Amino acid sequence: MNVNDTEIASSILEQHDYEIVNDIDDANIVFLMTCAIRENAENKVWAKLYDLDKAKRMGQLRKYGLLGCMAERLKAKIVEQLPSIDVVAGPDSYRHLPKLLAINSLHGQSAINVLLSLDETYADIIPRNQSKHSAFVSITRGCNNMCSYCIVPFTRGRERSRSIDSILKEVENKIDSGVKEIILLGQNVNSYRDYSVHNLSNDEDKNQTLNELQSPLADGFQTLYRSKPGGAGFDQLLRQVAGLDPNVRIRFTSPHPKDFNDSVLRVIADHPNIAKGLHLPVQSGSNFVLERMRRGYTRDAYLQLVKRIRHYIPNCGLSSDFICGFCDETDDDHRQTVDIIQNVGYYIAYIFAYSMRDKTYAYHHLNDNVPQSIKIQRLIELNQVYRQLSTEMNRQLIGQRQLILVEGVSKKSPQQLYGRNEANQKVIIPKLSNVNYMIGDFLDVEIIDFTPVTLMARPIRRTSITEFYTSKQ
Ligand code: SAH
Ligand code: SF4
């Protein structure tokens, strides 16, 4: 999300004749794009802000500013602590950056805009692409879910979707410029709904059951916010985006389990170019904790959804987010999270110690009463259990042929490249082999080795998505 916001803000600045440079030493204005979701991310940003403040005082930097969620959350506090800051702009204010810079130059004071908007989606801004081969396309902004621990609805505002037409246009542009992978983005990407579309456009859509149209939620899931019926949902958007070019891979993040209705699952199953890896954040395996988190599902509803995913998309790799040490979480609750990891088996897991964020329901009504040492102990245990299982799952992949998109040079060795498979796992390949390939190519590979989080592979041939799947049949 932050990468895409940076691409949007950069594009707006470029349109106003600012030049984006790659090296901080060449810049005379530096902006920090920030996230406020967890406390330790914020602490790192504070340290960087003080560095920038020092650089400005020493005459090494003309201006600096803070963008994104942390700007939204801390507003006045930032200016109080750092009176020399030039610009503070929240996630819905990037369009105003040139004006804020101009006001700051005119008055020599910090210029601030952190107003949240009900309709800003930056639909008309073409983000300044950071990667030539993979492009983020933002389709929704904000979130209405109000999970009790989460600050996102307060820092990024109400949920809103871009129109299907503007999304398709942007994706087409990216494909024309040679992009091989499109990643659809949103805080709650699969609750996408374009209300400007009234008529279902093709026969397949007309075959949707009335039930799916009236209640787009997955079975057994609830939400505090009832979305209006009608319009075009994520299933229709996904089908249209995937239909643009069968040789461009489609991913999306970050989804919420409640919005994986059967229709969305069928679209994913039907399109070889939609990656068969789903992020299914569970947060906790305990019903008591899930209820206090206000996630809108029980452990059983989640497990039923996993079953339905495996029914429609048999080889789908799953990943998840977990929070440990949420308010009142007992050892038994924690055991149930361990159990759900063992039960489901995730290729990738993001595990966080709970950090209390102000404004949230938990901040006002619950007690952050699990000691930090226990949070960390539980985090370590979840990580161990996840890794044990992912190691076993990766072992089963040895000898399997997989399709990867080669994305870049491995951080560990310049002699190696890496790509990602359908499940979004990192796959390491040698830079030189008897197959000719480069970054941006799809490769047919054979998995030959593994660690808990990475796979190693032998390149077999350059290929395309359609070629790979036709030859597999
Ligand atoms: N919309 C996505 C998540 C986006 S936030 C979803 O609902 O699944 C990414 C992750 O940050 C969350 O899934 C959660 O695991 C974590 N997170 C959010 N607030 C947190 C907090 N206060 N403390 C610790 N982790 C948190
Ligand atoms: Fe936060 Fe995700 Fe819940 Fe929205 S759905 S409130 S972003 S955790």
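Every number here is computed from the coordinates shown, using simple stated rules; none is lab data. If you're wondering where the values come from, they're calculated on a predicted model, not measured in any experiment. Cβ placement follows ideal geometry from the backbone for every residue including glycine, while neighbour counts extend to all protein chains displayed.
Of GLN304, VAL241, ASN261, which is farthest along the charge dipole of region 134-395 in the positive direction, counting Lys and Arg as +1 and Asp and Glu as -1 at C-beta?
My answer, from the dipole projection, is VAL241.
Determine the relative contact order of the chain: mean sequence separation of Cα pairs under 8 Å and six or more apart, normalised by residue count, in whole percent.
Answer for the chain is 10 percent.
Spin-label point model (7 Å from Cα, Cβ direction): what's the ALA41 to LEU118 distance in nm?
About 2.7 nm separates the two model spin labels.
If I measure Cβ to Cβ between cysteines in the chain, which ones have no partner under 4.7 Å?
Within the chain, the cysteines lacking a partner Cβ under 4.7 Å are CYS35, CYS69, CYS143, CYS316, CYS324, CYS327.
Magnitude of the Cβ-charge dipole of region 134-395, K/R +1 and D/E -1, about the Cα centre, nearest 20 debye?
Approximately 360 debye in magnitude.
In whole Å, how far is the Cα centre of region 111-138 from that of region 304-336?
Cα centres, region 111-138 to region 304-336: 31 Å.
Does region 2-113 come out rounded, prolate or oblate, given a ≥ b ≥ c as the square roots of the eigenvalues of its C-alpha gyration tensor, rounded meaning a/c under 1.5 and, failing that, prolate meaning a/b above b/c?
rounded
Projecting each Cα onto the charge dipole of the chain (Lys/Arg +1, Asp/Glu -1 at the beta carbon, about the Cα centre), which of ASN28, GLN416, PRO127 comes out farthest on the positive side?
Comparing the listed Cα positions along the dipole, GLN416 ranks first.
Just to verify a number: FRET efficiency for TYR469 and ILE20, C-beta to C-beta distance, R0 = 35 Å, to 0.05?
0.35
Quick check: residue separation of ASP328 and GLN60 times 0.36 nm, minus the Cα distance between them. What number comes out in nm?
In short, 91.6 nm is gained.
Taking a ≥ b ≥ c as the square roots of the Cα gyration tensor eigenvalues, with a/c under 1.5 meaning rounded and otherwise prolate when a/b beats b/c, else oblate, which class fits region 416-473?
Verdict is oblate for region 416-473.
Using 0.36 nm per residue, how much length does the chain from GLN377 to ARG266 gain when fully extended, once their Cα-Cα distance is taken away?
Using 0.36 nm per residue and subtracting the Cα-Cα distance, I get 36.0 nm.
State the three equivalent ellipsoid semi-axes of region 134-395, derived from the C-alpha gyration tensor as the square roots of 5 times its eigenvalues, in descending order and whole Å.
32, 21, 17
Given DSSP loops and a limit of at most 16 other Cβ atoms within 10 Å, what is the longest stretch of the chain that contains no such chymotrypsin sites (Phe, Trp or Tyr not before Pro)?
Answer from the scan: 226-473.
Considering the options ILE112, MET356, ILE12, tell which one lies farthest towards the positive end of the dipole of the chain, charges being +1 on Lys and Arg and -1 on Asp and Glu at the Cβ, about the Cα centre.
Among ILE112, MET356, ILE12, the one farthest towards the positive end of the dipole of the chain is MET356.
So, with +1 on the Cβ of K and R and -1 on the Cβ of D and E, and no other charges, what is the size of the charge dipole of region 241-331 about its Cα centre, to the nearest 20 debye?
260 debye
Using the basic label-point model (7 angstrom from Cα toward the beta carbon), what is the HIS364 to HIS311 distance in nanometres?
Here the modelled spin labels are 4.0 nm apart.
Past 22 Å, Cα to Cα: identify those pairs from LYS307/LYS426; LYS44/LYS99; LYS180/LYS258; LYS54/LYS411; LYS48/LYS426; LYS75/LYS99, in the order given.
From LYS307/LYS426; LYS44/LYS99; LYS180/LYS258; LYS54/LYS411; LYS48/LYS426; LYS75/LYS99, over 22 Å: LYS307/LYS426; LYS44/LYS99; LYS180/LYS258; LYS54/LYS411; LYS48/LYS426.
Given the -39500 (n - 2.57) contribution per DSSP H run of 4+ residues, what per-residue ellipticity at 222 nm results for the chain, rounded to the nearest 500 deg cm²/dmol?
Result for the chain: -11500 deg cm²/dmol, rounded to the nearest 500.
What shape does the chain have by the C-alpha gyration tensor, where a ≥ b ≥ c are the square roots of the eigenvalues, rounded means a/c under 1.5, and otherwise prolate means a/b greater than b/c and oblate the rest?
rounded
How big is the charge dipole of the chain about its Cα centre, in debye rounded to the nearest 20, if each Lys and Arg gets +1 on its Cβ and each Asp and Glu gets -1 on its Cβ?
So the dipole magnitude of the chain works out to roughly 500 debye.
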